[in-house]
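Student: Let me begin by handing over the structure; questions about it come next.
The values are calculated or read from the model by the stated rules, or taken from the named source; none is laboratory data. Everything numeric in this text was worked out from a predicted model, so none of it was measured. Here the Cβ positions follow ideal geometry from the backbone for every residue, glycine too, while neighbour counts run over all protein chains shown.
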Amino acid sequence: MKNELYIYSILFFWLFALTGCNKWLDVKPEDKFIEEQLYATPQGFADALNGFYIKNGNESSYGGDLTMITMDVLAQLYAVNSQNTQDNVNLFSTYNYGDKDARKKIDGIWTATYVNIANANKFLESLKTYGSRLNPKIKGLYEGEVYGLRAFYYFDLMRMFTKTFTSVDSLSKTLPYYDKVGRDISEFQPSNFVMQKVLEDLNKAEQLLLQNDPAVTQDRVSLTTTSTGRTSRNYRMNYYAVRALKARVYLWKGDKIAALKEAKFLIDNQSKFPWIAVTDLNNPAATNKIFSTELILAVENPKLNDLFNRVFNPTLFDDRILAGNTSGTFVKNTIFEGVEGDYRYQYIWKVAGKTYPTFFKYQDVPAETYSANRTVPLIRMGEMYLIAAECEIDLSSAIGYLNQLRTHRNQAAVANTTTPTQLSTHILKEYRREFYGEGQLFFYYKRTKATSIVAALTNSNMSIPANNYVFPIPLSETDPR
């Protein structure tokens with residue numbers, strides 16, 4: 001990034017971390033002094049680390065744009081017409097990245113992600129300088145979390161701003177890479193370089209968290225539906241989230257053997273993230289619409305219900321709501337193929353206030369004992385089964401992984417006579433159903449180089465050129481460096 005952005009990122013980190021600490025409001029904002037004050041106690045480290053997770057849950061980040069809004073608009077999961085201008089969804093539904101408002105949003109994603117990376121670099125440096133003030137196990141835990149977060153941020157930059165990863169395209173210089181604090185401007189690096197750095201960070205995170213993460217010794221990591229609070233490790237970058245992210249990264253890289261290994265590790269530890277129970281779905285007071293027991297990594301957006309009311313509430317006019325087409329055929333017939341008993345349709349979509357199904361996944365549940373209110377999934381167990389089904393060489397085993405997911409979603413198992421081509425089609429259909437509102441389908445299309453995708457507006461296939469899968473690098477970054 002440019003010097004100005006880097007300086008801003010460091011100042012932003014301190015201001016963000018210290019928000020609400022009235023005793024420091026009158027302190028002269030000299031960076032070194034603030035830094036020493038912040039890390040004077042273990043609580044200062046905890047507060048700074050919490051800042052990453054709070055920012056991740058913002059609507060402009062994974063609490064909205066990078067999951068249920070912009071990324072799923074790009075995947076054509078909502079019937080967006082030219083009149084629907086809120087959040088610039090009309091621009092992204094047509095891949096009009098050159099429009100000034102679309103560029104502003106894309107530039108904001110780029111800047112915010114690099115600010116996160118700069119803050120991660122600063123936090124890791126501060127651990128080296130002041131980490132002796134921490135219990136060694138806590139220090140290792142924090143270090144592992146931040147290495148995992150930095151990898152998470154860089155990987156999503158790759159998924160958004162670079163071409164699909166291939167041996168040829170990976171040689172093209174695509175992204176600046178920073179792993180330390182400083183004012184030097186990084187040259188753009190090839191995708192294979194950034195990919196290697198992502199995997200190095202994940203390997204460091206894995207080793208640190210294996211030794212220090214409480215999740216490793218817990219019989220169960222995710223909370224039950226009727227639990228309260230946010231004490232679960234799946235709201236932090238935990239050991240299992242790192243392993244699951246490695247599965248996702250290896251698959252993007254094209255290394256199916258490694259991806260399968262990581263996915264199978266999570267599947268072998270399914271008991272830590274158990275399948276959603278039907279009793280949790282049938283509880284009128286707290287229907288667990290996000291299947292939170294299965295979440296390996298998630299974020300909290302405290303204003304999620306406000307977002308629901310602004311973009312998903314069925315009281316909205318048709319040109320304002322994000323939903324399937326007004327006939328209901330896209331969601332009911334195309335996505336769910338008429339299987340209304342599929343839990344992902346039965347409990348997440350409702351015909352209420354409209355004549356067609358609308359999306360209720362992120363509506364608040366009034367019960368105070370519902371642990372997953374205002375939660376947005378980032379990685380769930382279902383993805384591990386789909387990765388295993390895609391990467392497993394033995395066809396019978398691959399079908400078995402797919403069917404485990406389908407049966408736990410109240411879908412009929414596919415036949416053992418399913419061909420590899422049919423299996424790929426089934427996997428695609430499960431991505432459409434499993435990750436609605438979670439921002440993963442667009443990246444599946446990109447990774448598999450789909451040239452045609454089904455669009456909610458017309459309920460028919462539309463062509464999608466390869467360049468529609470790549471966000472443009474901000475002009476401020478490509479000016480003479």
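Student: So the check is Cβ under 6 Å with 6+ separation or different chains; which pairs have a first residue in the range 235-253 that's closer than 11 Å to G148 by Cβ and a second one that's surrounded by fewer than 24 Cβ atoms within 10 Å (Cβ to Cβ) and of a type in the set (S, T, N, Q)?
Tutor: none
Student: Go through the range 387-396 residue by residue and tally those that are in contact with a Phe, Trp or Tyr (Cβ under 8 Å, 6 or more places away or on another chain) and either of a type in the set (V, I, T) or surrounded by fewer than 24 Cβ atoms within 10 Å (Cβ to Cβ) (or both). Before the answer, list the steps.
Tutor: If we filter the range 387-396 for residues that are in contact with a Phe, Trp or Tyr (Cβ under 8 Å, 6 or more places away or on another chain), which is where we start, we get 388-389, 392.
From what is left, the residues that are either of a type in the set (V, I, T) or surrounded by fewer than 24 Cβ atoms within 10 Å (Cβ to Cβ) (or both) are 392.
Count: 1.
One line per residue, one yes/no per condition, for (1) at pLDDT 95 or above; (2) within 25 Å of the chain's Cα centre (by Cα):
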| residue | (1), (2) |
| --- | --- |
| K289 | yes, yes |
| V311 | yes, yes |
| D318 | no, no |
| N333 | yes, no |
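Student: Going residue by residue through the range 137-156, is there one that turns out to be in a helix (DSSP H, G or I) and free of Cβ contacts under 8 Å to residues at least 12 places away in the same chain?
Tutor: Applying the first criterion (in a helix (DSSP H, G or I)) to the range 137-156 yields 137-156.
When the remaining residues are screened for being free of Cβ contacts under 8 Å to residues at least 12 places away in the same chain, the result is none.
No, that holds for no residue.
Residue-by-condition table, conditions (1) buried (at least 21 other Cβ atoms within 10 Å of the Cβ); (2) under 18 Å from R248 (Cα atoms); (3) not basic (K, R):
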site: Q411; (1), (2), (3): yes, no, yes
site: T419; (1), (2), (3): no, no, yes
site: K449; (1), (2), (3): no, yes, no
site: V454; (1), (2), (3): no, no, yes
site: S463; (1), (2), (3): no, no, yes
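Student: Residues of the range 340-383 being under 21 Å from T279 (Cβ atoms) and among the hydrophobic types (A, V, I, L, M, F, W, C), which ones?
Tutor: I348, W349, F360, V365, A367, A372, M381 - these are the residues of the range 340-383 that are under 21 Å from T279 (Cβ atoms) and among the hydrophobic types (A, V, I, L, M, F, W, C).
Student: Tally the residues that are closer than 15 Å to S186 by Cβ, buried (at least 20 other Cβ atoms within 10 Å of the Cβ) and more than 21 Å from the chain's Cα centre (by Cα), restricting the search to the range 159-175.
Tutor: Count: 1.
Student: Within the range 277-370, which helices (runs of 4 or more DSSP H) (wholly inside it) include 1 or more residues that are within 21 Å of Q76 (Cβ to Cβ), out of contact with any Lys or Arg (no Cβ under 7 Å at 6 or more places or on another chain) and of a type outside the set (A, V, I, L, M)?
Tutor: Details: elements: 278-281, 304-311, 343-346.
Counting at least 1 such residues, we get 304-311, 343-346.
Student: Look at the range 295-327 and say how many of its residues are within 17 Å of Y345 (Cα to Cα) and in contact with a strand residue (DSSP E or B) (Cβ under 6 Å, 6 or more places away or on another chain).
Tutor: 3
Student: Restricting to the range 198-226, name every residue that is surrounded by fewer than 16 Cβ atoms within 10 Å (Cβ to Cβ) and outside any loop (DSSP other than H, G, I, E, B).
Tutor: Answer for the range 198-226, where residues must be surrounded by fewer than 16 Cβ atoms within 10 Å (Cβ to Cβ) and outside any loop (DSSP other than H, G, I, E, B): E200, N203, Q207, L210, Q211, P214, T217.
Student: In the range 157-167, how many are at pLDDT below 95 and either touching a helix residue (DSSP H, G or I) at 6+ places or on another chain (Cβ under 7 Å) or farther than 18 Å from P465 by Cβ (or both)?
Tutor: Count: 1.
Yes/no per residue for (1) at pLDDT 95 or above; (2) closer than 30 Å to K180 by Cα; (3) within 21 Å of the chain's Cα centre (by Cα):
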site: Q207; (1), (2), (3): yes, yes, no
site: R220; (1), (2), (3): yes, no, no
site: R236; (1), (2), (3): yes, yes, yes
site: A241; (1), (2), (3): yes, yes, yes
site: L245; (1), (2), (3): yes, yes, yes
site: W252; (1), (2), (3): yes, yes, yes
site: A259; (1), (2), (3): yes, yes, yes
site: F265; (1), (2), (3): yes, no, yes
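Student: Another question about this same structure. Quick one: how many residues across the range 171-202 are in contact (Cβ under 8 Å) with a residue 40 or more places away in the chain, out of contact with any strand residue (DSSP E or B) (no Cβ under 7 Å at 6 or more places or on another chain) and within 16 Å of Y153 (Cα to Cα)?
Tutor: 9
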